[in-house]
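Enquirer: Here it is, the structure in full.
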Amino acid sequence: DVVLFNSLYNQTTLLQGIRSLLKKMPDFAPRSCITEIEEKSHVLPVPIEDSLFYTRDTSLSFNKKLHLVWNHRWEYDKGPEILLQALHALKKQDCSFTLSLVGQEFSRRPEAFDEIFKHFQSELKHFGYLESKEDYIDMLQQADCVLSTAHHDFQGLAMMDAIASGCIPFAPRRLAYPEYIPAKNLYTPGETTEQEGLHLAQRILEYSEAPSEWNLVDISTHSESILWPQYHVILGIPKC
């Protein structure tokens with residue numbers, strides 16, 4: 001009856017994929033399904049908990065080490081090798097920073113994480129999964145910037161959690177990120193891992209040189225209080 005996507009990017013890529021697939025099919029391909037799906041589709045993001053929204057005092061002077069956060073699944077599709085290159089570039093530029101490298105780990109993880117642990121031990125503030133939700137939220141509220149190097153992300157809940165907590169986001173200009181992150185905060189994808197890491201590092205350096213010139217990103221439209229009523233309407237769920 002209804003098809004819901006958590007981002008416009010998710011909706012667009014699925015419909016494009018259907019078109020590409022049907023073009024390869026022989027006669028009697030169900031081409032009308034594209035229009036049928038479009039007509040009953042809506043974009044409805046996964047909500048961000050209201051409790052995560054945190055108002056920072058932006059008038060405070062920037063007089064400490066830059067605290068960076070990378071808070072994604074520890075898998076290849078999240079591009080940790082790009083983060084590794086960015087960190088090397090920052091160190092070459094004598095940028096003083098600390099890093100909270102957190103997220104869900106699995107039995108096998110990309111080698112980039114071990115390389116980061118090896119070369120940036122003095123910069124690491126957190127390394128690994130934070131068991132306590134309270135500790136995780138506190139870390140987000142204390143951090144300055146949240147980073148994404150992802151090749152795959154249909155919404156970016158980890159980024160949204162951090163943005164709601166007052167972190168300045170830096171993400172690649174791809175996936176769902178342009179839907180809610182300003183163009184100023186998006187870095188250009190590179191042809192190589194090293195090139196993309198350099199582009200991310202450049203954004204971070206620009207922020208570190210003039211943090212007062214970067215505005216907090218408002219994603220209040222993705223909060224529970226805004227989105228839950230839409231879920232009730234679309235899914236026909238009675239309000240309690």
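The values are calculated or read from the model by the stated rules, or taken from the named source; none is laboratory data. Because the structure is predicted, anything quoted here is derived from the model rather than measured. Backbone-built Cβ (ideal geometry, glycine too); neighbour counts: all protein chains shown. Areas reflect the complete protein model, heavy atoms only, side chains present, ligands, DNA and RNA absent. Shrake-Rupley method; radii C 1.70, N 1.55, O 1.52, S 1.80 Å.
Enquirer: Taking the criterion of being among the hydrophobic types (A, V, I, L, M, F, W, C), without any contact (Cβ under 8 Å) to a residue 24 or more places away in the chain, surrounded by fewer than 20 Cβ atoms within 10 Å (Cβ to Cβ) and assigned to a loop (DSSP other than H, G, I, E, B), would at least one residue in region 180-189 satisfy it?
Expert: The answer is no; no qualifying residue exists.
Enquirer: Test F170 against the stated conditions and say whether it is among the aromatic types (F, W, Y) and open to solvent by 70 Å² or more (accessible area, probe 1.4 Å).
Expert: no
Enquirer: Related question: Would you mind stating whether I234 is assigned to a helix (DSSP H, G or I) and within 16 Å of the chain's Cα centre (by Cα)?
Expert: So I234 fails the test.
Enquirer: Related question: Is it the case that some residue within region 192-200 is surrounded by 15 or more Cβ atoms within 10 Å (Cβ to Cβ) and under 26 Å from D57 (Cβ atoms)? So that I can check it myself, show each step before the final result.
Expert: Of the residues in region 192-200, the ones surrounded by 15 or more Cβ atoms within 10 Å (Cβ to Cβ) are 193-194, 196-200.
Within this subset, residues satisfying the condition of being under 26 Å from D57 (Cβ atoms) are none.
No, every residue in region 192-200 fails to be surrounded by 15 or more Cβ atoms within 10 Å (Cβ to Cβ) and under 26 Å from D57 (Cβ atoms).
Enquirer: Could you check region 106-121 and list, in sequence order, the residues that are out of contact with any Leu (no Cβ under 7 Å at 6 or more places or on another chain) and open to solvent by less than 10 Å² (accessible area, probe 1.4 Å)?
Expert: P110, F113
Enquirer: Report every pair of residues separated by at least 6 positions or lying on different chains whose Cβ atoms are under 7 Å apart, first residue within region 125-149 and at positive phi, second assigned to a loop (DSSP other than H, G, I, E, B) and surrounded by 13 or more Cβ atoms within 10 Å (Cβ to Cβ).
Expert: Once the first residue is at positive phi and sits in region 125-149, its partners that are assigned to a loop (DSSP other than H, G, I, E, B) and surrounded by 13 or more Cβ atoms within 10 Å (Cβ to Cβ) give G128/E105.
Enquirer: Now for a different question. Test H151 against the criterion of being under 22 Å from Q85 (Cα atoms) and within 14 Å of the chain's Cα centre (by Cα), and give yes or no. Please lay out each step first, then the result.
Expert: Working: under 22 Å from Q85 (Cα atoms): yes; within 14 Å of the chain's Cα centre (by Cα): yes.
It is true that H151 is under 22 Å from Q85 (Cα atoms) and within 14 Å of the chain's Cα centre (by Cα).
Enquirer: How about region 10-105: which strands (runs of 3 or more DSSP E) wholly inside it have at least 2 residues that are modelled with pLDDT under 95, basic (K, R) and surrounded by 12 or more Cβ atoms within 10 Å (Cβ to Cβ)? Break it down into steps so the answer makes sense when it comes.
Expert: On the way: elements: 41-43, 66-71, 97-102.
The strands (runs of 3 or more DSSP E) meeting that bar number zero.
Enquirer: Just to be sure I understand the filter: pairs with C-beta atoms under 7 Å, separated by 6 or more residues or on different chains, first member in region 197-215 and over 14 Å from L186 (Cβ atoms), second member open to solvent by 90 Å² or more (accessible area, probe 1.4 Å) and outside any helix (DSSP H, G or I). Which pairs pass?
Expert: L205/Q93
Enquirer: A follow-up question, please. Working carefully through the options Q142, Q155, find the one that is open to solvent by 70 Å² or more (accessible area, probe 1.4 Å) and either among the polar types (S, T, N, Q) or under 18 Å from F97 (Cα atoms) (or both).
Expert: Details: Q155 fails: open to solvent by 70 Å² or more (accessible area, probe 1.4 Å).
Just a single option satisfies the conditions, and that option is Q142.
Enquirer: Among the residues of region 201-240, write down those that are open to solvent by less than 30 Å² (accessible area, probe 1.4 Å) and of a type in the set (A, V, I, L, M).
Expert: Residues satisfying the conditions are A201, I204, L205, A210, V217, I219, L227.
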